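The values are calculated or read from the model by the stated rules, or taken from the named source; none is laboratory data. Since this is a predicted model, take the numbers as computed values, not measurements. When we count neighbours, we look across all protein chains shown, and the Cβ atoms used for this are built from the backbone with ideal geometry, even at glycine. Accessible surface is based on the protein model in full, side chains and every heavy atom, while ligands, DNA and RNA are left aside. Shrake-Rupley method; radii C 1.70, N 1.55, O 1.52, S 1.80 Å.
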Amino acid sequence: MEGHMARFALLLCIAAAASASSQTCEPKEVDDNGRFFMKEMFIGCWTSFVTEDKAEVHILKLILKDNIFHLKTTNAKPMNLILTSSSSISGLYNTSANVNFYVKNDSTISLFTNQIQNNVHKQDIPTEDEELVKWAREKFGGVTSFTTVRNKDILLTGTTGTKADTRDCILQIEDASEKHFMKIESSPLASSVRYCSPQQQNLRDEAELHIINIPEDARVSNVSLGMGTKKMKVFLRGPQGTTWIIDSQYTTFASNNDVLLPNMPHRFSPNHTLNSDNAEDVQRKALELLKASTFTSYTELRPAQSPILLVFESNDNPAVTERAPEPVIPTTTAPHQMPLLMQLYTSPDYRFPLDPNAKVQSDKRIYAEISGHTFGSIFLTIKVVSCFVRSKGSCSVVKELPFIPEACSSNSCFNSTRLSFSLDQLQELTSTTWDLECSIQLCYSEKCGDGGRVKRNLEVTQPCLQPPSPPCFEFGLPGVLGIAFGGFLIGVLLIGALWFIKIKTGYPTGLDMSSTAANLPGCPCSGAKRQPVSTNPSPSENSSANASIGSTQSTPTSSMA
């Protein structure tokens, strides 16, 4: 019995050892690990400036290992090209007459071409980067780009070299490969890279975990990570003084060094301490802190210079790559800022969201909720700075939109905020289609940075005005008595008026006009009693009447005789 128990315990130990060994791996030196591509980072900038005559202004700072460079263009745009170098170099160029070169008076840069051109100008140009940008701004009105070049082949593609929404050339660490108007030959960096991947891989529903380790005796560097839009976890370890810059809002991270996020002024302090740079120790620490059963890749590197850029390249099929859901509403202006979504409601309970195509009445109060994707596992607070509406059409109208912040608990508003506003000021305007846009800040530990803008379309309708209803009078007992008393009073006044007429004229109000007419002076029948006229006279009366008429007619006849 004891023998069976011993064998069973031995099997358990072997299984545990095999499981533990499958969770880690031993790195080996490689030329390309297939996961991260290392690129150089240099000082530079990129703006939307062009001169009044549509010419661009580019500055090339040449730091070359070889003493020669090649400058080519296929279809050069009109430009002013400023060249500066601290060493003696020669350049072969082939450009059109649209390009004007500017070099320092005592410059050691020699330019050669196979064409007869008079487009090289010597000026009193400063050598310091900031002073050079200032000089170009004063001479040409601005700077389109400043690029640091370490390789000898430079190609100007001929495409317009402007960057939207940026006018000031502020020098900073950049990736020159993002400039579409310029192509610079890149060469692999001299850096030692060790890589491995464990036998046990991530489950399909588990986010990938990538481990990057810089040994303690390596050069202290600023390392930028371009992780793309794939959801993943990353464990970062380096010597004290290393700074990691993560350019992705979909990455959950842990590090023993400081971490920076784009557009966030706050520096995230280390969340653990790990002095050992042993590969197995680093791998186990990563599994422990990020609560993972295994990891996808382990990369150990020694940067040859600082800063550097590590660009993640996924080996997965793009069709099955897990990506964050795209927001329905257009979001922020900067591609590296936190994706934001604005949803509208008609009631303060925020239960039933409005359809994006629904119309809202201008006399109703509107409730809005602005939310965003998290930066890994970090809790960020969204703060609304200002809001405005812009009408759509040929004649755009912009109006500031006052709003009231709405209370919301941290459980209900995780990485979101709520506000309400009224559209009363839009009732007098004819436009019904508007863009609602709000500027926000992202805050962490009471420190805030620019979060960009969020906007959505807004269809506004005017309230239905009901025609005024006719007034309805209700009569009670006092009203009835008042009407009766009024009628009585009117009757009394009328009787009094008739009595007044009788007194002043002397005639009774009901007199017989026939008798009165008979007694009037000058009446032919005066004093005679009026005989009643019979409507049916007798024959005798007719004959006497006729005789009387005849005698009357005969009298004038005889007188004339």
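Data overview
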| read-out | value |
| --- | --- |
| Estimated distance in nm for a label pair at Phe352 and Lys72, the labels positioned 7 Å out from Cα along Cα-to-Cβ | 6.6 |
| Simple Cβ-charge dipole of segment 39-111, Lys/Arg +1 and Asp/Glu -1, about Cα centre, in debye nearest 20 | 180 |
| Candidate lysines - alpha carbon under 23 Å from Lys359, same-chain residues fewer than 8 apart omitted | Lys392, Lys399, Lys455 |
| Lysines whose Cα lies under 23 Å from that of Lys152, excluding same-chain neighbours fewer than 8 positions away | Lys39, Lys61, Lys65, Lys72, Lys77, Lys104, Lys122, Lys179, Lys183 |
| Segment 43-190, relative contact order [Cα under 8 Å, separation at least 6], % | 35 |
| Added length on full extension, which subtracts the Cα-Cα distance from 0.36 nm per residue, Ser412 to Ser88 | 110.3 nm |
| For segment 386-425: rounded, prolate or oblate by the Cα gyration tensor [a/c cutoff 1.5] | prolate |
| Accessible area (Å², 1.4 Å probe, nearest 10) - Lys383 | 110 |
| Residue-normalised accessible area of segment 223-303, expressed per residue, 1.4 Å probe, Å² | 35 |
| Approximate spin-label separation Asp175-Ile501, in nm, with each point projected 7 Å along Cα-to-Cβ | 10.8 |
| Theoretical gain in end-to-end length, Glu206 to Leu155 [0.36 nm per residue, Cα-Cα removed] | 14.0 nm |
| Accessible-area ranking of Ile170, Ile366, largest first, probe 1.4 Å | Ile170, Ile366 |
| Proximal lysines relative to Lys285, as straight alpha-carbon distance under 21 Å, when same-chain residues fewer than 8 apart are discounted | Lys28, Lys231, Lys233 |
| Rel. contact order, % - alpha carbon contacts under 8 angstrom, at least six apart, segment 89-147 | 30 |
| Inter-label distance, nm, simple model (7 Å from Cα along the C-beta direction), Arg267/Glu459 | 5.2 |
| Overall form of segment 403-457 per C-alpha gyration tensor (a/c, 1.5; a/b vs b/c) | prolate |
| Nearest-0.05 FRET efficiency for Ser96 and Gln199, computed from C-beta distance (R0 45 Å) | 0.15 |
